[in-house]
Number of protein chains: 2
Amino acid sequence: MVRRNSERRAALVDAAIEVLAKEGARGLTFRAVDVEAGVPTGTASNYFASRDALLTQAGARVYERFQPDEALIARQRAATPDKETYTTLMREVVGRVSAFRTGYLALLELRLEATRRPELRVVLTERVRADVDANVAYHEQSGLPGDATAVRLLYLALNWLIVEQLTLPDVFSEAERDQLVAAAVERIVIL
Amino acid sequence: MVRRNSERRAALVDAAIEVLAKEGARGLTFRAVDVEAGVPTGTASNYFASRDALLTQAGARVYERFQPDEALIARQRAATPDKETYTTLMREVVGRVSAFRTGYLALLELRLEATRRPELRVVLTERVRADVDANVAYHEQSGLPGDATAVRLLYLALNWLIVEQLTLPDVFSEAERDQLVAAAVERIVIL
């Protein structure tokens, strides 16, 4: 029963992500989540104390789903830690994050909603800061070239590249985006 | 009469920007714009053929209001075209764009709305591409160091820095943001 409950909760959080991406933050109601998840009306409101709780858990879940799988991490650890590997890693990150299109769009909706909801802002700020810190820590133990400033600058540039790709995909062509990732690593990562 | 009409139209478009930032794209109705502008109900629907027309004009108006004034352009043209001037210019851009907070947030709302409205996507794509091209052209005739790739990479990195500042301002401190702008120019602009 506990297991079934936690599965249903996860399904509701995943449904909330889809609603956020499709309908925007203002479209996120318990009712819309019930419909998206295909469960009886009233289910979501039984699982979450408030709309804010659901928003927060949706944000956390997106970050969880962005994580690379074990095989990918192992492959990255085995590669020679040079700039070429760094570029490959960055291309994988951009590819993985933008492949979960609705997740990234949901995060943008949550950021905009955070400008209106101070409590959500606090939770998201912690989550994003933890993400940036984790990137810096991963880099440190990876042996890859460059410093923490490079990690932060790449975080900035690649996030907007993903925004561009997911919201206005024709501003840059795929080849241009690919070149921009390579140029970003080439210039920002100082040996 | 024509003049009064165009003033009122501009006031309605500016009101639409505020509504977008405050209420999100889904909150943008003719009614909400009338309330925000303090005009009688029905006014906005007299001035704009559709909600899409209003969205499009709001986007164009934000870009217009982002433009630097003549005095600033003259000052920039008179400065020695070196990396230090480049850094000052980038800080001015970040400062000017983030100072029009509601305008930038409205553009993010429009980008997300564009994922749902193909026509809006076409118009915004053209506008953003024109903006990137204008940056490249401005750089070319400025005599500033670096190439078009640097202009594009700075565009990416600084846009996300502004997103960070406007949506989750405590992820980076003001000093950290300032350092990131300087480091971005230092590394990305290759002499």
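Pairs are defined by a Cβ separation below 6 Å, a sequence spacing of at least 6 or placement on different chains, a first member in region B:23-48 that is closer than 16 Å to B:Thr102 by Cβ and within 14 Å of another protein chain (Cβ to nearest Cβ), and a second member that is at pLDDT 95 or above and assigned to a helix (DSSP H, G or I); the pairs so defined are B:Gly24/B:Glu109; B:Ala25/B:Glu109; B:Ala25/B:Glu113; B:Leu28/B:Val19; B:Leu28/B:Leu20; B:Ala32/B:Val19. Listed conditions (1) at the interface with another protein chain (Cβ under 7 Å from one of its Cβ atoms); (2) aliphatic (A, V, I, L, M); (3) outside any loop (DSSP other than H, G, I, E, B) are all met by B:Ala182, apart from (1). In the set A:Thr87, A:Thr80, only one residue is polar (S, T, N, Q) and open to solvent by less than 40 Å² (accessible area, probe 1.4 Å); that residue is A:Thr87.
Rundown of residues vs (1) at the interface with another protein chain (Cβ under 9 Å from one of its Cβ atoms); (2) at negative phi; (3) open to solvent by 20 Å² or more (accessible area, probe 1.4 Å), yes/no style:
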{"position": "B:Phe100", "(1), (2), (3)": "no, yes, yes"}
{"position": "B:Ala106", "(1), (2), (3)": "no, yes, no"}
{"position": "B:Thr115", "(1), (2), (3)": "yes, yes, yes"}
{"position": "B:Pro118", "(1), (2), (3)": "no, yes, yes"}
{"position": "B:Ala130", "(1), (2), (3)": "no, yes, yes"}
{"position": "B:Asp133", "(1), (2), (3)": "no, yes, yes"}
{"position": "B:Tyr138", "(1), (2), (3)": "no, yes, yes"}
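Restricting attention to region A:146-160, does a residue exist that is more than 8 Å from chain B (Cβ to nearest Cβ) and open to solvent by 50 Å² or more (accessible area, probe 1.4 Å)? The answer is yes; a qualifying residue exists.
Out of B:Ser6, B:Ser98, one residue alone is at pLDDT below 95 and not aliphatic (A, V, I, L, M). It is B:Ser6. Of all the numbered requirements in (1) touching a Phe, Trp or Tyr at 6+ places or on another chain (Cβ under 8 Å); (2) hydrophobic (A, V, I, L, M, F, W, C); (3) under 17 Å from A:Leu168 (Cβ atoms), B:Ala157 misses one, and that requirement is (3). B:Val122 passes every criterion in (1) buried (at least 20 other Cβ atoms within 10 Å of the Cβ); (2) at the interface with chain A (Cβ under 10 Å from one of its Cβ atoms); (3) more than 15 Å from the chain's Cα centre (by Cα) apart from (1).
The values are calculated or read from the model by the stated rules, or taken from the named source; none is laboratory data. None of these values were measured; they are calculated from a predicted model. As a convention, Cβ positions derive from the backbone with ideal geometry for all residues, glycine included, and neighbour counts pool all protein chains shown. All accessible areas refer to the heavy atoms of the entire protein, side chains included, with ligands and DNA or RNA removed. Shrake-Rupley method; radii C 1.70, N 1.55, O 1.52, S 1.80 Å.
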